[in-house]
Structures are given as C-alpha cells and as structure tokens.
Amino acid sequence: MIDDKALDALFRTARTHNGWLDKPVSDDLLRQVWELARWAPTSANCMPARIVFVRSAAAKEKLKPALSPGNLDKTMAAPATAIIGYDTEFYELLPRLYPQADMKKNFVGNPAAAQTAAFRNGSLQGAYFIVAARAVGLDCGAMSGFDNAKVDAAFFPDGKVKSNFLCNLGYGDVSKVRPRNPRLTFEEACRIE
Ligand SMILES: Cc1cc2nc3c(=O)[nH]c(=O)nc-3n(C[C@H](O)[C@H](O)[C@H](O)COP(=O)(O)O)c2cc1C
C-alpha cells in the first residue's frame, strides 16, 4: 500500500480547483503526466485518448469561444488546459499495441463498437490522467461545460479525434476551492456478493 501522504495527494485531500496561482507548468512536467498515465490499463491496450495541452496565449484564444461562461475566466487563467480527446480510429494502431491477436478486425467497419470502446477507454484514460497529474504535484480542474463541436473544429479538424472533457492544470489557489461535497459510502455505492 502506498503511504498516507500519497493517498491524500491522489484522493483524500486532492480538490477540484477553480483559481490558479501565477506559476507556469513546464513542458517537462506535462510530459511526465503522460509518461505515468500511459501505463494504466485500457481494453486490448487500445489507448484511444489523445491529449492537446493548450498553454500558449494563442491556443487559449482558440479555445475561448468554446467555453461555457462559468468555465471561461478560470480556464483562461490556468497555466495549461488539457483537452482530453479520443481517437475514433484508434483501432488502426492495435496491430502495434496488441500484437498477440487481431483485435483491429472487431472495429473496422463497425463505428458503433469503435465509438463505445473509444469513449469508454478514453474516459478511463482521462481519469488516469487526473490521478497522474496529481501524482506529479499538479492540481486539476476537470470540465465538461464547453461546446465539443467548437473544440473539435478548432483542435481536431480532421474529424477523427473527438473531445471528451477539458482539464485545467496548474497550482491551485486554495482560497477559491468550493466546499467539499459528501461522497457516497461503501454501503450506498457498493456491494460484495
Ligand atoms: C468530467 C468532469 C466534468 C466537470 N465539469 C465541470 C464544469 O464544467 N465546470 C465546473 O466548474 N466543474 C466541473 N467539474 C468539477 C466537479 O464538479 C468536481 O470535480 C466535483 O464536484 C468534485 O469536487 P472536489 O474534487 O473538489 O471534491 C467536472 C468534473 C469532472 C470530473
């Protein structure tokens, strides 16, 4: 078991952030997030997540028109914003990522199956991404309040990659954190059969 300090940093005291300190996030740190997150599991090792780190002022301006009003100011202020997307044609890489079996054939010509696998595994990778970011000392603020079509047109113009959610990254201003909401107990959310 990892120690209490690590458990707090990943889960128990980690919070969703809405305000950001004026402290930049380096390329190297963003790279470290992926270097950890990429080891977490996906079905048939399919790894459909595709991530754009929006960090420059020009890229932030490109993102701006897609943001909902409640997410606008904090996203423009965040040192970086990750667009967590998923590649709807992820199966093209399966011969390399899962060479022991022909998994690609399950998805070629079956867009519904590809969409289900891409969204499921891409969402899992988004969650792993948040935990990895916390593990390297970053704070996160995930957001689904934005116009996906606008983000896709601006950042994924070839149409293959679809946005899932956004995640602001940086060093959070603890004074802007909202009150912690309750969580479901084990008894409410789980059962052992
Ligand atoms: C996928 C996802 C989408 C979210 N979308 C938004 C959003 O659009 N705007 C916002 O202010 N918070 C958003 N949140 C933040 C959640 O409300 C927050 O993570 C949750 O209430 C838990 O807060 P805590 O981590 O501080 O306990 C989102 C969180 C997730 C994981």
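Here, each number is a calculation from the coordinates, and none is a lab measurement. Values in this document were obtained by computation on a predicted structure and should not be read as measured data. Cβ: placed from backbone, ideal geometry, glycine included. Neighbour counts: every protein chain shown.
Among 69, 101, 9, pick out the residue whose Cα is farthest towards the positive end of the charge dipole of region 1-116, where Lys and Arg carry +1 and Asp and Glu carry -1 on C-beta, about the Cα centre. After comparing all options, I get 69. The slack in the chain from residue 11 to residue 72, taken as 0.36 nm per residue of separation less the alpha-carbon distance, amounts to 19.4 nm. Among the chymotrypsin sites (Phe, Trp or Tyr not before Pro) in region 17-120, those located in a DSSP loop and surrounded by at most 11 other Cβ atoms within 10 Å of their own Cβ are 39. Maximal additional length on extending the residue 35-residue 22 stretch stands at 2.2 nm, based on 0.36 nm per residue less the C-alpha distance.
Here region 19-171 is assigned +1 on the Cβ of each Lys and Arg and -1 on the Cβ of each Asp and Glu. Its dipole about the Cα centre then comes out at about 120 debye.
From the C-alpha gyration tensor of region 19-171, pull out the three semi-axes of the equivalent ellipsoid (sqrt of 5λ each), sorted largest to smallest, in whole Å.
Equivalent ellipsoid of region 19-171: 28, 18, 11 Å, largest first.
Between 41, 179, 69, the residue with the greatest mean-square fluctuation in the GNM of the chain (Cα pairs under 10 Å linked by springs) is 179.
Checking the Cα-Cα distances for 23/162; 23/60; 62/176; 62/162; 5/60; 60/150 against a 22 Å cut-off, the pairs over it are 23/162; 62/176; 5/60. Longest stretch of the chain clear of exposed loop sites (trypsin sites (Lys or Arg not before Pro), DSSP loop, at most 11 other Cβ atoms within 10 Å, sites excluded): 1-179.
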